[in-house]
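The values are calculated or read from the model by the stated rules, or taken from the named source; none is laboratory data. Keep in mind it's a predicted model, so treat the numbers as computed, not measured. Positions of Cβ are generated from backbone atoms using ideal geometry, with glycine treated the same way; all protein chains shown enter the neighbour counts. Keep in mind that these areas ignore ligands, DNA and RNA; they rest on the heavy atoms of the full protein, side chains included. Shrake-Rupley method; radii C 1.70, N 1.55, O 1.52, S 1.80 Å.
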Amino acid sequence: MAEADALDLLSRGRLEIEGRLVDASNTTLRAEITLDGLTRRCVYKPVQGERPLWDFPDGTLAGREVSAYLVSQATGWDLVPPTILRDGPLGSGALQLWIDEPATAESLIGFVPAYDVPEGWLAVANARDEDGDAYALAHADDQRLARLAVFDAVINNADRKGGHVLYPATGSVHGVDHGVSFHVENKLRTVLWGWTGKPLIPEAAEVLPALLARLDADLGAALEDHLTISEVQQVRLRARRLLRRGRFPDPPQDWPAIPWPPV
């Protein structure tokens, strides 16, 4: 559905909880949302269900989810499903349009035999299974994932697992679960390290300046509703550094570079 229609549905629709997603570390609920006879599914993450995090003492995880959507929207890359902050049955929380993946959807990230990395894939790390067989954590050298890697570097995403990347039938790629993003310190953790040190995708040379202009205008003001002033300033600094360097970032040396579990 069109983005404007999705945002209207999320903002004004009537919520009915279907159940809890038990694998999530914070309260994450799937719900149906209905407006003017139209019903869709969504993810509802109430603020009161968030576990306190010592390194994210300010704001809410829900606010960071909304902030990630706002940055995604400003890039024009459509990387994060429509997401808003609103009241629900369990109080204020993030509401995000549910993304269905077809049964035939193939992941572009995963563990593959170390001796048989698919052509066009980039190896990230080595691993062995319980039998001692060698595997590689790898991902496709794909433009859609590269956009996501640039986006993650801008928002300082500390939890880009393979399972946080969705593949809808439209052929696009969506990233979800951005509650631990926007920290002022470098906490980038991702499975998308295959482009480390390589030149950014060409379109980033246009997207990043446009994003910086928005950060100095309406986007910056919107983010300050959910993040601290320092966190918003760091978004600007990270975007400027990426643009100036023109290359994908290197893994941090003082912070685990790959989330666990990776996929």
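Out of curiosity, is VAL232 among the β-branched types (Val, Ile, Thr) and either open to solvent by 30 Å² or more (accessible area, probe 1.4 Å) or closer than 24 Å to PRO256 by Cα (or both)?
Answer is yes for this residue.
Look through region 161-171, keep the residues that are out of contact with any Asp or Glu (no Cβ under 7 Å at 6 or more places or on another chain) and either open to solvent by 30 Å² or more (accessible area, probe 1.4 Å) or assigned to a loop (DSSP other than H, G, I, E, B) (or both), and return whichever of them is farthest from LEU95 (Cα to Cα).
GLY171
So which strands (runs of 3 or more DSSP E) stay within region 1-59 end to end and still have 2 or more residues that are open to solvent by 70 Å² or more (accessible area, probe 1.4 Å) and within 21 Å of TYR69 (Cα to Cα)?
Here the list reads 38-46.
Can you name every residue in region 7-22 that is charged (D, E, K, R) and under 24 Å from the mean Cα position of the chain (by Cα)?
If the condition is that a residue be charged (D, E, K, R) and under 24 Å from the mean Cα position of the chain (by Cα), then ASP8, GLU18, ARG20 are the ones that fit.
Hey, among the residues in region 76-106 that are modelled with pLDDT of 95 or more and among the polar types (S, T, N, Q), which one's most open to solvent (accessible area, probe 1.4 Å)?
Checked region 76-106; the qualifying residue most open to solvent (accessible area, probe 1.4 Å) is SER92.
Given the options TYR135, TYR69, name the one that is in contact with a Pro (Cβ under 8 Å, 6 or more places away or on another chain), of a type in the set (Ser, Thr, Tyr) and open to solvent by less than 40 Å² (accessible area, probe 1.4 Å).
Answer to the selection: TYR69.
Working only within region 69-92, note down all residues that are in a helix (DSSP H, G or I) and either farther than 20 Å from ARG40 by Cα or not hydroxyl-bearing (Ser, Thr, Tyr) (or both).
Listed by number, the residues that qualify are LEU70, VAL71, SER72, GLN73, ALA74, THR75.
Just to be sure, is LYS198 more than 19 Å from the chain's Cα centre (by Cα) and either open to solvent by 20 Å² or more (accessible area, probe 1.4 Å) or more than 26 Å from GLU106 (Cα to Cα) (or both)?
The answer is yes for LYS198.
Residues that are more than 19 Å from VAL66 (Cβ to Cβ) and in contact (Cβ under 8 Å) with a residue 60 or more places away in the chain: which helices (runs of 4 or more DSSP H) entirely in region 172-245 hold 2 or more of them?
Answer list for region 172-245: 204-215.
Which numbered condition trips up ARG144, out of (1) under 25 Å from GLU101 (Cα atoms); (2) among the charged types (D, E, K, R); (3) not in a helix (DSSP H, G or I)?
If we test ARG144 against (1) under 25 Å from GLU101 (Cα atoms); (2) among the charged types (D, E, K, R); (3) not in a helix (DSSP H, G or I), just (3) comes out false.
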